[in-house]
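Have a look at the structure below, then the notes.
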Amino acid sequence: MNYLFDTQALTDYLQDHKIPAFRAKQIQQAIFKEGILDIDQITTLSKDLRDQLSQDFVINDFTLKEKVEWPETTKFLFELADGKIIETVLMYHRHVRPEYEDEIKQRKILRSWTNHDISPKTHKLNRITICISSQVWCAVGCIFCVTGKLGFKKNLPRQEILLQILYANNYIQGKFGKKEDGTWNRVRNVVFMGMGEPMLNYDEMVTSIEYMKDQRALWLSKRHITISTSGVADKIRQLIDDKVDVRLALSLHAPNQELRKELIPMIAKRRDIDELMETIDYYTSSTGNRLFYEYIMIRDKTDTVEIWHQLGKLLKHRNAHVNLIPYNENPAMPNLETSEYDQILKFKKTVESHGVTVTVRDTLGRDVQWACWQLGYEVIMKQRIEDMEAENEAVDSDK
Ligand code: SF4
């Protein structure tokens, strides 16, 4: 079954069936701009044409397995048509309403990494970011990531990458309705930071980005699309050659090769940190783009005094913006703990003293089990245990 929002498949179909080309525009308008996920709801098409298209196309073939809601986030667990599981997270960024500013300052509940006392009453929706998956699970195996523990299953085709955004836009319309200017609330920012290493699914990632930027499709600003990579150097070079003009974030997590090898073994073994930084310098000089560095804060591992200075020195002349991410503790990794908040602040100050911009990520969704795909991990492990038990029972009954 083809996806109706796949431009090439749709164009070929319309030509083959001698259907006027302007129908493609109506369909794209309905799916990308109006958030419609059901062919039968595209009422700009005749009933006959909708019935005909339904024979050969779908828009949405995801099954929602679980959804977790929090004032700042919604987390979806989708089952794909082939039964595999992925996760997608929506993050709602809000401004404090002026009438609550004083009260919030006083109560010290202005968004911080430890406090999520944020409600629609006190905060107005400003923008929505979606964190999308690019693969089913992941081969990279970062030691702090639950997805990495699951191993790799498959690359998502561009349609399944895009459908996460289309599904989200449809959901957002129902949840938030229209903005004050009469347009629909929808995803504004896309980050490839969900399950998987997007650079290891390069072609599908790049094609999906074309749809994101296309005026006839999602029409997102290039500044609002971010690829987050654990450091696949040859693909970073390919981005430059292919002129893929979006933002890039590097999950550095360690300022030296030894620690990178411990945290991100697969990628660090391929290229050492010096080669990686050479590639990064080539990227920034070729594109003029500033790079964002993700840095995970794990107690006594990535947050020691020695490391503060190493990171500062490494990034000092690199026009870097470092985002410190407090590690989300997870029972699947009992040996890892998050850094103390005081330690994070000291870390921030020291790295800043080297002339580097540093922010601390507000961990939206901490309370909805967003511990690096913990929800998905739990469901998948449950499934695995059930499968194993069923298999054991089958073996027992054969005896
Ligand atoms: S952090 Fe990202 S790259 Fe590393 S294992 Fe998890 S999903 Fe893969």
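Table for the structure above
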item: Complete set of residues in the range 331-352 that are among the small types (Gly, Ala, Ser) and open to solvent by 20 Å² or more (accessible area, probe 1.4 Å); result: Ala332
item: Within the range 145-247, helices (runs of 4 or more DSSP H) holding 1 or more residues that are within 16 Å of the chain's Cα centre (by Cα); result: 146-150, 158-176, 202-213
item: Residues that are more than 16 Å from the ligand (Cβ to nearest atom) and open to solvent by less than 40 Å² (accessible area, probe 1.4 Å), drawn from the range 191-206; result: Val206
item: Selection from the range 151-163 of residues that are open to solvent by 10 Å² or more (accessible area, probe 1.4 Å), in contact with an Asp or Glu (Cβ under 7 Å, 6 or more places away or on another chain) and either within 16 Å of the ligand (Cβ to nearest atom) or polar (S, T, N, Q) (or both); result: Asn155, Gln159
item: Residue match in the range 91-112 (condition: assigned to a strand (DSSP E or B), at pLDDT 80 or above and within 16 Å of the ligand (Cβ to nearest atom)); result: no
item: Which listed residue, of Lys313, Lys261, Lys269, Lys348, is in a helix (DSSP H, G or I), touching a strand residue (DSSP E or B) at 6+ places or on another chain (Cβ under 6 Å) and not hydrophobic (A, V, I, L, M, F, W, C); result: Lys348
item: Within the range 16-33, tally of residues that are open to solvent by 70 Å² or more (accessible area, probe 1.4 Å) and either touching a Ser or Thr at 6+ places or on another chain (Cβ under 7 Å) or touching a residue at least 12 places away in the same chain (Cβ under 8 Å) (or both); result: 3
item: Hey, Ile209 more than 25 Å from Leu4 (Cα to Cα) and free of Cβ contacts under 8 Å to residues at least 60 places away in the same chain or not; result: no
item: Ile307 more than 17 Å from Ser228 (Cβ to Cβ) and open to solvent by less than 60 Å² (accessible area, probe 1.4 Å); result: yes
item: Selected residue (criterion: farthest from Leu166 (Cα to Cα)) from residues of the range 122-143 that are within 16 Å of the ligand (Cβ to nearest atom) and open to solvent by 40 Å² or more (accessible area, probe 1.4 Å); result: Ile143
item: Filter result for Ile36 (open to solvent by less than 20 Å² (accessible area, probe 1.4 Å), within 14 Å of Asn170 (Cα to Cα) and at pLDDT 95 or above); result: no
item: Subset of the range 62-83 [on the phi < 0 side of the Ramachandran plot, assigned to a loop (DSSP other than H, G, I, E, B) and either surrounded by fewer than 16 Cβ atoms within 10 Å (Cβ to Cβ) or among the aromatic types (Phe, Trp, Tyr) (or both)]; result: Phe62, Ala81, Asp82
item: Asp51 vs. criteria part of a helix (DSSP H, G or I), open to solvent by 30 Å² or more (accessible area, probe 1.4 Å) and in contact with an Asp or Glu (Cβ under 9 Å, 6 or more places away or on another chain); result: yes
item: Evaluation of Ile227 against (1) modelled with pLDDT of 95 or more; (2) in contact with a Phe, Trp or Tyr (Cβ under 9 Å, 6 or more places away or on another chain); (3) away from the ligand (no atom under 16 Å from the Cβ) (one fails), failing number; result: (3)
item: Number of positions in the range 232-277 that are open to solvent by less than 70 Å² (accessible area, probe 1.4 Å), without any contact (Cβ under 8 Å) to a residue 40 or more places away in the chain and within 14 Å of the ligand (Cβ to nearest atom); result: 4
item: Flag if Leu166 is more than 16 Å from the ligand (Cβ to nearest atom) and either basic (Lys, Arg) or crowded, with 22+ Cβ neighbours inside 10 Å (or both); result: yes
item: Test result for Gly148, within 16 Å of the ligand (Cβ to nearest atom), in the same structural domain as Pro331 (by TED's automatic domain parsing), out of contact with any strand residue (DSSP E or B) (no Cβ under 7 Å at 6 or more places or on another chain) and at pLDDT below 90; result: yes
item: Condition broken by Tyr13, with the remaining ones in (1) crowded, with 19+ Cβ neighbours inside 10 Å; (2) in a helix (DSSP H, G or I); (3) within 26 Å of the chain's Cα centre (by Cα) satisfied; result: (3)
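The values are calculated or read from the model by the stated rules, or taken from the named source; none is laboratory data. In this text the structure is predicted, and so the values were computed from the model without any measurement. Positions of Cβ are backbone-derived with ideal geometry, glycine not excepted, and every protein chain shown enters the neighbour counts. Just the protein is used for accessible areas: all its heavy atoms, side chains included, with ligands, DNA and RNA removed. Shrake-Rupley method; radii C 1.70, N 1.55, O 1.52, S 1.80 Å.
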